[in-house]
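The structure appears below as structure tokens.
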Amino acid sequence: MKKQILIALAFCCSISLCAQNNIQLFADKGKDIINRNIYGHFAEHLGHCIYGGFYVGENNQLIPNKDGVRLDVINALKKLKVPVLRWPGGCFADTYHWKDGIGPKDQRPSMLNVWWGNVKEDNSFGTNEFLNMCELLGAEPYLSGNVGSGTPQELSDWVKYTDHPNGSSPMTDLRQKNGRANPWHVKYWGIGNEAWGCGGNMQPEYYANVYRQYATFMTNGGGEKIFKIASGASDADYHWTEVLMRDIPHNMLDAVALHHYSVINWGKKGPATNFTEEDYFTTMQRALQMEELVEKHSAIMDKYDPKKKVALVVDEWGGWYDVEPGTNGAFLYQQNTMRDAMIAGTTLNIFNNHCDRVRMANLAQIINVLQAVILTHDEKMILTPTYHVMEMYNVHQDATMIPLSVSSNDYKMGKEKLKAISASASIDKNGLTHISLVNIDYSKPQKLTIDISGKKYSSVSGRILTSDKIQNYNSFEHPDNIKPAAFTGAMLQGNDLTLTIPPFSVVVLELK
Ligand code: AHR
């Protein structure tokens, strides 16, 4: 009889209804800080990211602005606590000559934006506008220098213009002449972008030498030491990382970048909203690949830098689909659904869990381009599901990461499978513990138990982002279709938590 009961139990637990997901949380074992810059963003002169997105011009009477920068957008981004903003590209950066974008606007030359639709770039939004906007936003600027078609002199001059003390060079005189007395003290500098592709089609051995040359002339202005980021690998190009770590002296290298997009197929990306479950599954396969990429690039970095002095900076990531019908193909404008919330939630969990090496990441791109957190249309503005995930997760910024182990049910598609549950956790400066959880399953709710050791808790509260269809999104007509709600479904008994996460949902719990 006993044997029969055991067999029945084993059978029951093997079917999905009885299956259990479990997380072990080691609350007293945290040592690494989740650098707030993991929650960084990226703004390129591409489509309507800058023009129409951030900047509508000083003379705009319709849209409230400060020096031409939209205040609705700034206020929304302040709630995200944007820590760092990368600019002006992307591919655009290696065609950009910063001196064209300073001084009186009517005297600034125009250029063609050759990467993004051959549209006219009138340079009305340049260095002063960007750096002043970062001050308004409370975000650190991250400038991407032109290596592909620029010179070491040009980049060295940019550093002087932004960072060096008054009266120390013709560049600082120029800054003063343009109405800015004190340096902005830009800390983060990218030396080229995608040097293996649009940034010059270089080989890693060649780029490593070019990097050394450019970095030599990027001198500190007396403020905080500047942080130099090498143009990194695409996806699984591990050779690129190996060569940079081997050939660039580490006293001139603060970080190596990595770019990875969740794209189904570069030749056939599929629609942003009207996608199938198969499309969704493939997108999530690509997104979850980030874990393997981070681990393998980090392992190479560990070989050359076991003390983890050099950071891995994932300065472009996110979903990439076909543009919305009727929009300019070069403007990369796409809607943002619960699928994007799944990419954001799982990717940020990966970064949090690898915060010993990943110390900055920049979602591509902040407004109106690719996996944007904000979409604008003339005077209208909406927040996307990705925005809401980033807002819910900002509790992790600068908190101590709590190590955890996840045992998850599978989300299956034919013979392929993915882990349904993704998680990360941290303790903030006030002693609050936050656990962020994602169930990527397309149709099944997931029951989950969380066993916590090393800390006692007496209460739990939470928020959830969910919807009844994964293809759902916020539109200009229905801007609040998807937004976070209170989550009261977590039960705390002793130090064990139990909850059920609906399909394709993100939950963030707070424990006291
Ligand atoms: O984010 C769009 C483009 O993707 C960037 O300009 C480039 O760096 C990458 O290939």
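The values are calculated or read from the model by the stated rules, or taken from the named source; none is laboratory data. Quick caveat, the model's predicted, so the values are computed rather than measured. Glycine gets a Cβ as well: all are built from the backbone with ideal geometry, and neighbour counts include every protein chain shown.
A few notes on this one:
- Tally of residues being touching a strand residue (DSSP E or B) at 6+ places or on another chain (Cβ under 9 Å) and either farther than 24 Å from Pro503 by Cα or not in a helix (DSSP H, G or I) (or both) across region 284-299: 4
- Residues located in region 438-465, provided they are more than 21 Å from Phe26 (Cβ to Cβ), free of Cβ contacts under 8 Å to residues at least 60 places away in the same chain and either of a type outside the set (Val, Ile, Thr) or surrounded by fewer than 20 Cβ atoms within 10 Å (Cβ to Cβ) (or both): Pro445, Ser461
- Filter result for Val119 (within 16 Å of the ligand (Cβ to nearest atom) and aliphatic (A, V, I, L, M)): yes
- Cross-chain or 6+ apart pairs with Cβ under 9 Å, region 31-47 first and under 18 Å from Leu312 (Cα atoms), then of a type in the set (S, T, N, Q) and in a loop (DSSP other than H, G, I, E, B): Ile34/Gln397; Asn35/Gln397; Arg36/Gln397; Asn37/Gln397; Ile38/Gln397; Tyr39/Gln397; His41/Gln365; Phe42/Gln365
Listed here are the residues, each with its yes/no results for (1) out of contact with any Leu (no Cβ under 6 Å at 6 or more places or on another chain); (2) assigned by TED's automatic domain parsing to the domain that holds Glu324; (3) touching a residue at least 12 places away in the same chain (Cβ under 8 Å); (4) among the charged types (D, E, K, R).
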position: Phe217; (1), (2), (3), (4): yes, yes, yes, no
position: Gly221; (1), (2), (3), (4): yes, yes, yes, no
position: Glu224; (1), (2), (3), (4): yes, yes, yes, yes
position: Val243; (1), (2), (3), (4): yes, yes, yes, no
position: Asp247; (1), (2), (3), (4): yes, yes, yes, yes
position: Asn251; (1), (2), (3), (4): yes, yes, no, no
position: Val256; (1), (2), (3), (4): no, yes, yes, no
position: Tyr261; (1), (2), (3), (4): yes, yes, yes, no
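- Hits in region 36-67 (condition: in a helix (DSSP H, G or I) and within 16 Å of the ligand (Cβ to nearest atom)): none
- Of the criteria (1) over 19 Å from Trp317 (Cα atoms); (2) away from the ligand (no atom under 16 Å from the Cβ), which one Val82 fails: (1)
- Some residue of region 29-50 being over 28 Å from Cys198 (Cβ atoms), modelled with pLDDT of 95 or more, among the charged types (D, E, K, R) and touching a Pro at 6+ places or on another chain (Cβ under 6 Å): yes
- Any hit, region 274-292, residues being in the same structural domain as Pro204 (by TED's automatic domain parsing), within 15 Å of Thr241 (Cα to Cα) and within 16 Å of the ligand (Cβ to nearest atom): no
- One residue from Ala208, Ala195 being among the small types (Gly, Ala, Ser) and part of a helix (DSSP H, G or I): Ala208
- Any hit, region 482-491, residues being outside the structural domain of Met338 (by TED's automatic domain parsing) and closer than 18 Å to Ala272 by Cα: yes
- Restricting attention to region 467-479 and to residues that are more than 21 Å from the chain's Cα centre (by Cα) and among the hydroxyl-bearing types (Ser, Thr, Tyr), the residue that is surrounded by the most Cβ atoms within 10 Å (Cβ to Cβ) turns out to be Ser467.
- Residue in region 423-439 that is outside any strand (DSSP E or B), closer than 20 Å to Glu292 by Cβ and in the same structural domain as Pro484 (by TED's automatic domain parsing) present: no
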